[in-house]
Amino acid sequence: MQKPFTRTFSGNKKVISYVVASGFLLLAMFLGISIGSVRVPFADIAAIIGTRVLHLPLSEQIDSMHTNIVMNIRLPRVLLAGLVGASLAMAGGAFQGLLRNPLADPYTLGVSSGASVGAVCVLFFHISIPFAGIFTLPLVSIITAFITIFLVLIFARSIEPSMKVETIILTGIIFSSFLGALLSLMIALSGEELRQIIGWLLGSVSMRGWSYIRIILPFFLIGGLILLFNARELNAMSFGEERAKHLGVSVERRKLAVLAAGSLLTGAAVAVSGTIGFVGLVIPHLVRIIWGPDHKQLLPLSVLIGAGFLILADLTARTIIQPAELPIGVITALIGAPAFALILVRRRMERRG
């Protein structure tokens, strides 16, 4: 039986972890809205957003230009970056727990490449689904992400019926390489669409507006809730599928649910922002190191840290060489690759020690 002091300490630790992660996200949001060619004071940001949320008249002391910058340019950009970062980090955390491998993420499993192929096909062939409107791009992206992960699973099962983790990851890498070749082929054949496709593939949340938030938000909520409802099962499966079966977990069904939800999150994120690497790989790994492997805490904390990280990465991308702007994928790769290398070195040293 757990002692009262132990329960209290554990509860306080959880509260502190959420306070720290939420504080990091809130600071990142205020910095992302405040900093730019025109600086907006934090007090003005709080007043503008507060009055809009509560439908109160705005103080005459606040510059109307600041209101326009916050509500029409920077706030939607910051929210979109946060939703994309949260989606990728949550999907990565779920994939790593499911496959018990820190290298598992939407990119190594081929999900991102599949979503990218779908989105580029929409741009390349000018596809439009009747009655879907602006949802054409995310719908096609999500469909191709689903198709990719299920093809990966079918191929892995045909090679090895038990579908070991290593087999799934290697199959994902094979599919990712093949789909990357298809993307290169479409780029080589593109004409007027070349600049749009290249810009999209490098990743950006620039000039997207509120419509893109409406696109990703429902998919984020559905995928996120599915993963949170499966957090306990992910904890069981992280100790191995056989042990999870002994604990009463329907492994095959839960595995499909997690892979489907992760594909949903990844497809929607890729559709609105392009390909942004390393968020789903590094962020959940860092959260696991700092706060532990319990997916009931790891997944929501990954959402908060992933959102804050991508907001700061986007802030860096648009301010480091003003007035020009770098693709956000360049910044995440420059930060993520060395960070992941340090993580791997640390793990190797711990095993030797």
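Observations
- Percent of Cα-Cα distances greater than 19 Å, calculated over the range 108-166: 39 percent
- Distance (nanometres) between label positions extended 7 Å along Cα→Cβ at LEU217 and ASP63: 2.8 nm
- Distance from the alpha carbon centroid of the range 283-353 to that of the range 192-221 works out to 21 angstrom.
- Residues considered: ARG208, ARG74, ARG243. Largest GNM mean-square fluctuation over the chain, using C-alpha springs under 10 Å, is found at ARG243.
- Intensity falloff of the chain expressed as log10 I(q)/I(0), Debye formula with alpha-carbon point scatterers, at q = 0.06, 0.11, 0.13, 0.14 Å⁻¹: -0.23, -0.76, -1.04, -1.18
- At least 15 Å along the helix axis (C-alpha) and Kyte average at least -1.0, DSSP helices within the chain: 4-34, 42-54, 75-99, 111-125, 136-159, 165-189, 210-229, 251-273, 279-291, 295-319, 328-352
- The range 179-279: GluC sites (Glu not before Pro) in DSSP loop, at most 11 other beta carbons within 10 Å: GLU192
- Accessible-area composition of the chain, carbon plus sulfur, in percent [1.4 Å probe]: 68 percent
- Size of electric dipole in the chain: Cβ of Lys, Arg +1 and of Asp, Glu -1, about Cα centre, debye, nearest 20: 1200 debye
- Per residue, the chain exposes 49 Å² of accessible surface when a 1.4 Å probe is rolled over the protein heavy atoms with every protein chain present.
- With contributions of -39500 (n - 2.57) from each DSSP H run of at least four residues, the per-residue ellipticity at 222 nm computed over the chain stands at -25500 deg cm²/dmol.
- Sites counted here are chymotrypsin sites (Phe, Trp or Tyr not before Pro) in a DSSP loop (not H, G, I, E or B) having no more than 13 other Cβ atoms within 10 Å; the longest part of the chain that contains none of them is 1-130.
- The relative contact order of the chain, computed from alpha carbon pairs under 8 Å that lie at least 6 residues apart in sequence, is 29 percent.
- The convex hull built on the alpha-carbon positions of the range 90-247 has an orientation-averaged projected area of 10.6 nm².
The values are calculated or read from the model by the stated rules, or taken from the named source; none is laboratory data. From a predicted model like this one, the values you see are computed outputs, not experimental measurements. A quick note on method: Cβ atoms are made from the backbone with ideal geometry, for glycine too, and the neighbour counts reach across all protein chains shown. Side chains included, ligands, DNA and RNA excluded: accessible areas come from the protein's heavy atoms. Shrake-Rupley method; radii C 1.70, N 1.55, O 1.52, S 1.80 Å.
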